[in-house]
C-alpha cells in the first residue's frame, strides 16, 4: 500500500474514487456540496504533484443504464470553481475506447470526471471485467469514498487488484480512519457514546460492540422507550419495539457486568401528537399517559446527560435524543451538542457521525466546535459494529 503524501504523481493519471453523491434540486443545482469539498485535498494533492486526477463516482440510484437526471454533468462547473478555476473535462461514459483515449490525453494538472459508474449494473455487482475496464483509465487508484467503503463494488474494492503496487487512501479516508481509531482503539478516558435515534433494532450491533469499549453509554431518542417498557414502565403512544424488550434487558445486563454506566432519560417532554403544534408536558419517562408520546428528553435528563458528556475525554455521537426537526422538541439534542462543544474546548476528542447527528450539529451552527464530523452513513455504522469494510480492506491487502 502506498501513502498519498509520499507517492510520486508526476505524469500519472490518478483514478480517484470519490463520493460525489450530492443532493440536487429540480433544476439540477447542488444543494449541499459537503462531499465534494471533502474530496478537494486529495484532488489538489494529485494536481500539485504533477498528475492528472480522474474522478469516479456514482450519483443517485439509476435503475437501468444511463438516465440524464443522474448524470454527473451538473457537478463539473462547481468542481472547477471549488478547485479555483482549474478546467474540468467530462466523458460521456466511464469505460470504453473514447473514455480511455480522453484519459490518456490528459496533461498534468488537467482534471477529468467520468460519467456515473452506476449506469452499469456491473459496478454494484463488483464485476471484475468492469473493474478492469475502469482500471485501464489510470496509472494508480486512490480510494477516498468512505461513504461507500462498506460496499464491495467494482470501483470501491475490486479495482484494487489491478493496482497491486499503486493503490492508496485519499486524505478523507485517512482522516476518517484516524478519527474513528481515536475513539475505538486509543480513546482518552472516560469514553462516552451517545446513541440516539428511533429504533434499538438499527443500533443493536453497534451498541453491543461498543459495550466492550465505552465507560458511559447515553441512550436517547425513540430507543429510550423500548428500554423503559422492558423495565415495566408505561410509555403511552411512544415509539417502542416490543420484539426487542429482551434485547434491551440483555444490553443493560451486559453493561452492568462490564462496568459501563448507562444513562437514559428519567423525565421526558411528552406530546399529544407528533407535531410542532402539539400540547406538551414534562412527565416521568416510565409513566407516560395514554395518548401521549415522548418526543424529547426532559430537563433533569438533559442535565444528567450534559454532566457526563462535559466530564468525558472522548465522545462519539450517533443519533439525536429527540425530534430535533421540530423546534419544540430540539432542546435535548441542542443541549447534547452544546455539551460536546464544551467538552471539546476542555480537550476532549469528539466525533459526530450519522446523518441525523450531522444535521443536528449543522442546524445548531456548532460544527466548528467539535473535533471531527464523519461524512459517512452506512460505512460509519458498519465500522462501529466492528465489521471489515471491503473498500478499506482492498487498499490494505
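Every read-out reported here was derived from the displayed coordinates using simple, explicitly stated rules and does not represent laboratory data. Just so you know, these numbers come straight off a predicted model, no measurement behind them.
Considering only alpha-carbon pairs that sit under 8 angstrom and 6 or more positions apart, the relative contact order computed for segment 13-169 is 28 percent. Projection of the Cα convex hull of segment 222-280, averaged over all directions and equal to a quarter of that hull's surface, yields 4.4 nm².
DSSP beta bridges fully contained in segment 13-169 are about 5 percent antiparallel.
Comparing segment 262-316 with the 2.2 N^0.38 Å rule of thumb, its C-alpha radius of gyration ratio is 1.30 (two decimals).
Given their separation in residues at 0.36 nm each and the Cα-Cα distance between them, residue 245 and residue 81 gain 53.8 nm when the chain is fully extended. Computed extension length for residue 393-residue 359: 9.3 nm, one decimal, from 0.36 nm per residue of separation with the Cα-Cα distance subtracted. Normalised by the number of residues in segment 177-384, the average gap of Cα pairs under 8 Å and 6 or more apart makes the relative contact order 22 percent.
Entry for segment 177-384 at q = 0.16, 0.17 Å⁻¹: log10 I(q)/I(0) = -1.00, -1.13, Debye formula applied to identical alpha-carbon scatterers, no solvent contribution. Output the 0 to 90 degree angle, nearest 10, between the alpha-carbon long axis of helix 34-48 and the longest principal axis computed from the alpha carbons of the chain. So the helix axis and the longest Cα principal axis differ by about 40 degrees. Classify segment 118-244: rounded, prolate or oblate, from the alpha-carbon gyration tensor (a ≥ b ≥ c, eigenvalue square roots; a/c under 1.5 rounded; otherwise prolate if a/b is larger than b/c)? Cα axes put segment 118-244 in the oblate bin. Per residue, the convex hull around the alpha carbon atoms of segment 345-397 comes to 98 Å³. With the Kirkwood sum run over all distinct C-alpha pairs, segment 295-397 has a hydrodynamic radius of 14.4 Å.
Using a cutoff of 8 angstrom between alpha carbon atoms and counting only pairs six or more residues apart, the relative contact order for the chain works out to 15 percent.
For residue 104 and residue 127 in one chain, what is 0.36 nm times their gap in residues minus the Cα-Cα distance, to one decimal in nm? So the chain would gain 5.9 nm between residue 104 and residue 127.
What percent antiparallel are the DSSP beta bridges of the chain, to the nearest 5? The antiparallel fraction comes to roughly 20 percent.
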